[in-house]
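The values are calculated or read from the model by the stated rules, or taken from the named source; none is laboratory data. Predicted model only: the values in this text are computed from it and were never measured. Cβ atoms come from the backbone with ideal geometry, glycine included; neighbour counts cover every protein chain shown.
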Number of protein chains: 2
Amino acid sequence: MTSSGGLGGAIPDPSVRRLSAYLRHLENLAASGVKRVSSRQLAEYVKGGDAQVRRDLALFGQFGRRGVGYDVEDLIQVIRTILGTRAQWNVVVVGAGQLCQALLRYRGFKERGFALVGAFDTDPRKIGTQCGPVTIRHIDAMEDIIRKHEVRLAILTVPAQAAQQTAEKLAAAGIEGIMNFAGAGLSLPPHVHVSQVDLTAHLEQLSFLVSSTRAGQ
Amino acid sequence: MTSSGGLGGAIPDPSVRRLSAYLRHLENLAASGVKRVSSRQLAEYVKGGDAQVRRDLALFGQFGRRGVGYDVEDLIQVIRTILGTRAQWNVVVVGAGQLCQALLRYRGFKERGFALVGAFDTDPRKIGTQCGPVTIRHIDAMEDIIRKHEVRLAILTVPAQAAQQTAEKLAAAGIEGIMNFAGAGLSLPPHVHVSQVDLTAHLEQLSFLVSSTRAGQ
C-alpha cells in the first residue's frame, strides 16, 4: 500500500510493483547473457498475462516490436528511468536493529540504485556499532546527515509507538519517501509518500492459498 | 507476486493482500476499543475506494449492512477464517541469519497465527544459537522437524544460489507455502505456493513516487 500524491498517483500502484518485478527478471536475464525477451516470458515471471505486460509498459510509451520482443538492456534502462533509479538515491535507516544488517546482507540495494548513508537508533548498545558501511549514530544526528547528504528516502524500523513521531522528524528534515516496517499507519503531509511493509501479509497469503488448495482437493 | 494453484487461484492476489491490510487496520481499531467500522473507513486505510472494499468482502459472502457498517470483531474473525489463520500455522525459517531475529522482533507473527517451530542454517557459527524461542539447528535436521510439527509454511532466506535446491528439499518434506526472500525465482510443483518478498521494490516504488511528484511541481 502506498499513498501517492502528485503525478505518481496517475499510475496504478500494482503497475509500479510489476515494473519492479519485471526489472528483477530482466536483471537476472541480463546476468545470464540473454539479449531479447518477449512479453509472454515477462508475464510468466509475474504469473500474469502478456497483455497486462504490454499494458503496463504502454503506460510509459511504446517499447518492443510485435514478434521481436524487447531488448533486455534497453528495457532495463527504460524501467530504471521510469522508477527514477538511474541516479543514486541516498537512504537512511532509523531504528538500526538486526533488520539493518539483514537488509544489507540480503538485498542488493546498492546495485539497484540505493546507497545507505546513515543509520540511527536510541539504544546506547547499538550506537557506535556498524551497520554495513555506516556507523550507527544517535537519532539526534539524523537531521544533519539527511541535510548533508540530501537524503530523500528513509527506512523506518522503530517500534510502532515511536513511528509517527519519528516519521514527522524525518519529514521535517526533508525526507519525501518512507518505507515503513512499523505496524502503525503514518499521517504525514501529502508530499511525503509511505510504502507500508507487512511481512505477515505474505504468510497470510500463503495460509490462504494452502487452505484453498486443500479445500479444492 | 504469488503463484497459485487450486481454488486459491479464483480469488485475485490483490484482494487477498487487501484483506491482510483490512485485518491490520481492524486489529488496531479493536485495540483502541472501536466497535464498528464503515467500508469508507477501511478504504481510506488502504488508499482505495469504498466500492472496492465491498467488492473484496463480497467475494467471500455478504457482510455488513448499508448505513450500519461492519462489526469490528466479527469482521476480524471473518477475515481470519478466509485467510485460514484462525488455527495456528507452524513455520520454519531456513537461512537463520539476522533476518530471523529481525522477523521475530518486528512482527507479531505469533499473535497473527504463526508459530516459529524451527530455524536452520549451515553456518557452524549460527548453529546452537537462539532465534527467539528456537535453537538454530543444522539444515540436515530440517526434514525431521517439519514432519514432527506438521509444518506447512517456510520462510526462505538463504543466498540466491542455494534457493532452488533448498526449496525442493522443503517441498519434499511436506512444505506447501514458501515466503521467499531470495532474489531467485523458484520452480516447484503446482501445490507448493511461493510468495516472493522484494524489499527493494518498496524503495523503487518510493523513488518513482518522489520523482513523479517533483516532475509535477
Among the candidates A:181, A:114, A:208, A:120, single out the residue that is within 12 Å of chain B (Cβ to nearest Cβ) and either surrounded by fewer than 19 Cβ atoms within 10 Å (Cβ to Cβ) or farther than 30 Å from residue B:76 by Cβ (or both).
A:114
Would you mind finding the one in B:64, B:69, B:49 that is farther than 23 Å from residue A:206 by Cβ, buried (at least 19 other Cβ atoms within 10 Å of the Cβ) and at pLDDT below 85?
B:64
Restricting the first residue to segment A:82-99 and requiring it to be touching a residue at least 40 places away in the same chain (Cβ under 8 Å), which pairs with a second residue that is in a helix (DSSP H, G or I) meet a Cβ separation below 6 Å and a spacing of at least six or different chains?
A:83/B:204; A:83/B:207; A:83/B:208; A:89/B:207; A:93/A:100; A:94/A:166; A:99/B:102
Output the residues belonging to segment B:118-133 that are within 20 Å of the chain's Cα centre (by Cα) and either in a strand (DSSP E or B) or among the basic types (Lys, Arg) (or both).
B:118, B:119, B:120, B:131
Out of the residues in segment A:33-46 that are modelled with pLDDT under 90 and among the charged types (D, E, K, R), state the one that is surrounded by the most Cβ atoms within 10 Å (Cβ to Cβ).
A:44
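Quick one: in segment B:171-215, of everything that is part of a helix (DSSP H, G or I) and among the β-branched types (Val, Ile, Thr), which residue is farthest from residue B:153 (Cα to Cα)?
Step one: list which residues in segment B:171-215 are part of a helix (DSSP H, G or I), which gives B:171-172, B:199-215.
From the residues that got through so far, the ones that are among the β-branched types (Val, Ile, Thr) too are B:200, B:210, B:213.
Numbers: B:200: 23, B:210: 36, B:213: 40 Å.
The qualifying residue farthest from residue B:153 (Cα to Cα) is B:213.
For segment A:201-212, check the following and say yes or no: at least one residue is more than 24 Å from residue B:110 (Cβ to Cβ), hydroxyl-bearing (Ser, Thr, Tyr) and out of contact with any His (no Cβ under 6 Å at 6 or more places or on another chain).
Let us first name the residues in segment A:201-212 that are more than 24 Å from residue B:110 (Cβ to Cβ), namely none.
The answer is no; no qualifying residue exists.
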Working carefully through the options B:149, B:193, find the one that is under 19 Å from residue A:210 (Cβ atoms) and within 18 Å of the chain's Cα centre (by Cα).
B:193
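Restricted to segment A:184-205, and to residues that are among the polar types (S, T, N, Q) and facing another protein chain (nearest Cβ under 7 Å), which residue is farthest from residue A:164 (Cα to Cα)? I'd like the intermediate steps shown before the answer.
Initially, segment A:184-205 is screened for residues among the polar types (S, T, N, Q), giving A:187, A:195-196, A:200, A:205.
If we keep only those that are facing another protein chain (nearest Cβ under 7 Å) too, we end up with A:195, A:200, A:205.
Working: A:195: 14, A:200: 21, A:205: 27 Å.
So, considering only residues that are among the polar types (S, T, N, Q) and facing another protein chain (nearest Cβ under 7 Å), the one farthest from residue A:164 (Cα to Cα) is A:205.
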Go through segment B:138-158 and count every residue that is surrounded by 15 or more Cβ atoms within 10 Å (Cβ to Cβ) and in a loop (DSSP other than H, G, I, E, B).
4
Select, from B:213, B:166, the only residue that is buried (at least 22 other Cβ atoms within 10 Å of the Cβ) and outside the structural domain of residue B:28 (by TED's automatic domain parsing).
B:166
